[in-house]
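What follows is a single structure, written as structure tokens, with notes after it.
The values are calculated or read from the model by the stated rules, or taken from the named source; none is laboratory data. This one's a predicted model, so the numbers in the text were calculated from it and none came from an experiment. As a convention, Cβ positions derive from the backbone with ideal geometry for all residues, glycine included, and neighbour counts pool all protein chains shown. For accessibility, only protein heavy atoms count, side chains too; no ligands or nucleic acids. Shrake-Rupley method; radii C 1.70, N 1.55, O 1.52, S 1.80 Å.
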Amino acid sequence: MPHPSTAQDSHAAPLRLADASDADAAAEEAEAGQARFDELIAEDSRIEPRDWMPADYRKSLARQISQHAHSEIIGMQPEGNWITRAPSLKRKAILMAKVQDEAGHGLYLYSAAETLGTARETFYDQLYTGRAKYSSIFNYPARTWADIGAIGWLVDGAAITNQVPLCRASYGPYGRAMVRVCKEESFHQRQGWEILHTLSHGTDEQHQMAQDAVDRFYGPALQMFGPPDTDSPNSQQSMAWNIKRFTNDELRQRFVDMIVPQAEALGLTLPDPDLAWNEERGHYDFGELDWDEFFAVLKGQGPLSSQRLEHYRRARDEGAWVREAAAAYARRQAAAEPVGA
Ligand code: BYC
């Protein structure tokens, strides 16, 4: 009988050789993959789910796309709150359609995110357990009907400004989802504008309601673009990977330039005494935003942060039986289906 250590060695040696050659093959594959990836990014082409991609690219995309999906889902809450109190049947029907669109956007985005190899249930759990971020803006209340107008005009307006460049994001499923989302967002912005225009040109009280809503949503809407560039750890790499096409500050500036004349047309003012046209820059200057408040909201200290999460959890728990029933029905249908039919 051979000595145990000899027996072990005689088996271990070929195994180590196999390990080494597997490792070499994997390294070669990664090198070729990286070269092809770099080439696709350099020529501004698309990366598709089956393509090789760096682990950090995959991770950062899953982070951004899932946060975006969560924002759409949580974003239904401030507006959903007004469906039963919309001032007319027509307004109610429009608002319902908009809220349904947001649910659809969430689903396109979870679908895009799961092509990166993480099950959507994992993303759902991250939101459910409060570990996931979603857009800061949805932690603010929608207090009056005019807020629904301000959300449409300012929040969806900011969303479009941010998302149109994302239609060219290097990751195929994300860019394609964005094209559809942006088309729907344009209708959303339009309905918000129309609500504010009606109120602004109504009674003094209605005008004041519209102005109050704009006063409350202006700052938080500008913060949707993210922290200032000097405080944005992800921007540089995301731009090098052609995920983001513009920095947070560039998009914020573009948005301010767009809404100043729109506010004038609405007959409303923007709550910033430093807002002024800068001839030299060819842009509007605007005042510093309250970044302490922004970072507090990101830590879960927004006015409605805990209510938003609680509501999501309750809806998810109460909807569990519907998901189970739908899954059981799908299983039964699949089992009953004749093969090849
Ligand atoms: N709120 O390095 P940065 C909608 C986080 S839905 C919360 O600049 P990045 C709608 C950021 O995630 C609109 N968190 O990050 C729906 C990062 O944290 P982590 C949602 C924010 O990714 C329903 C950290 O701060 N839109 O329109 O380069 C009804 C540092 O930031 C925020 C999208 O999601 C924020 N505002 O840039 C109506 C668009 N800003 O992940 C309307 C897609 C930053 O390192 N996302 N953070 O822990 C993006 O374009 C980018 O992710 C951002 C941030 C511009 C938002």
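General observations
- Any hit, region 144-156, residues being of a type in the set (Val, Ile, Thr) and farther than 26 Å from Glu205 by Cα: no
- Subset of region 142-152 that is among the hydrophobic types (A, V, I, L, M, F, W, C) and away from the ligand (no atom under 11 Å from the Cβ) - its residue that is surrounded by the fewest Cβ atoms within 10 Å (Cβ to Cβ): Trp145
- Under the condition of being open to solvent by less than 70 Å² (accessible area, probe 1.4 Å) and without any contact (Cβ under 8 Å) to a residue 60 or more places away in the chain, the residues counted in region 266-285 number 10.
- Residue ID - nearest to Thr129 (Cα to Cα), chosen from residues in region 290-300 that are open to solvent by less than 30 Å² (accessible area, probe 1.4 Å) and within 11 Å of the ligand (Cβ to nearest atom): Val297
- Within region 216-257, the residues that satisfy the criterion of being touching a residue at least 40 places away in the same chain (Cβ under 8 Å), more than 8 Å from the ligand (Cβ to nearest atom), surrounded by 15 or more Cβ atoms within 10 Å (Cβ to Cβ) and in a helix (DSSP H, G or I) are Arg216, Phe217, Tyr218, Gly219, Pro220, Ala221, Leu222, Arg254, Phe255.
- Residue among Arg168, Arg131 that is free of Cβ contacts under 8 Å to residues at least 60 places away in the same chain and open to solvent by 20 Å² or more (accessible area, probe 1.4 Å): Arg131
- Close contacts from region 73-85, counting a first residue that is closer than 17 Å to Phe217 by Cβ and a second that is near the ligand (Cβ under 8 Å from one of its atoms) and assigned to a loop (DSSP other than H, G, I, E, B), with Cβ to Cβ under 9 Å and a gap of 6+ residues or different chains, come to Ile74/Tyr134; Ile74/Ser135; Gly75/Tyr134; Gly75/Ser135.
- Residue that is farthest from Ala315 (Cα to Cα), among those in region 90-129 that are assigned to a loop (DSSP other than H, G, I, E, B) and among the polar types (S, T, N, Q): Thr115
- Verdict on Ile73 being at pLDDT 95 or above, in contact with a strand residue (DSSP E or B) (Cβ under 6 Å, 6 or more places away or on another chain) and surrounded by 16 or more Cβ atoms within 10 Å (Cβ to Cβ): no
- Meets criteria (within 11 Å of the ligand (Cβ to nearest atom) and either within 21 Å of Asp147 (Cβ to Cβ) or under 18 Å from the mean Cα position of the chain (by Cα) (or both)) for Gln211: no
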